[in-house]
1. Tell me, in nm to one decimal, what length is gained between Phe21 and Ala53 on full extension, where the rule is 0.36 nm per residue of separation less the Cα-Cα distance?
2. What is the extension gain from Asn3 to Gln44, computed as 0.36 nm multiplied by their sequence separation minus the C-alpha to C-alpha distance, in nm to one decimal?
3. Using amide H atoms built in the peptide plane, which far-off residues or other-chain residues are under 5 Å from Val9 H to H?
4. What distance in nm lies between label points placed 7 Å from Cα along the C-beta direction at Phe28 and Asp14?
5. Quick query: amide H of Ala31 versus all other amide H atoms, modeled in the peptide plane; which residues come in under 5 Å with a sequence gap of 5 or more or a different chain?
6. Of the listed peptides 15-22, 43-50, what is their order by residue-averaged count of other C-beta atoms within 10 Å, with the highest listed first?
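Laboratory data are not the source of any read-out in this text; all were calculated from the coordinates shown. These numbers come from a predicted model, not from an experiment. Quick reminder, even Gly has a Cβ in these numbers, built from the backbone with ideal geometry, and neighbours come from all protein chains shown.
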Amino acid sequence: MFNGIEAMVVFVRDMDKCRRFYQDTLGFQKASEPDAGGFFIGGQYFLLLEISAAAHMISEEPLELKAGGGPRGF
């Protein structure tokens with residue numbers, strides 16, 4: 001049974017561009033170090049993760065995640 005969601009991770013292609021969008025355009029509050037892609041929204045963490053890094057977290061086998069038609073977050 002789930003009691004809530006504490007974090008959402010979104011896979012991105014361009015970390016710098018996405019970080020600027022969420023911070024400067026949408027006004028999300030940074031939740032971590034300046035170079036990381038973490039934000040805090042309404043009691044939840046919203047994390048950006050580059051696709052290449054996400055592939056290593058999903059499987060021990062080498063993967064090539066693609067943004068189109070595949071998982072975009074977890």
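1. That pair, Phe21 and Ala53, stretches by 9.5 nm at full extension.
2. Difference between extended and current length: 13.4 nm.
3. Leu47, Phe74
4. Taking the simple label geometry, Phe28 and Asp14 are separated by 1.7 nm.
5. Residues meeting the criterion, in which the H sits 1.01 Å from N, are Gly38, Phe39, Phe40.
6. 43-50, 15-22
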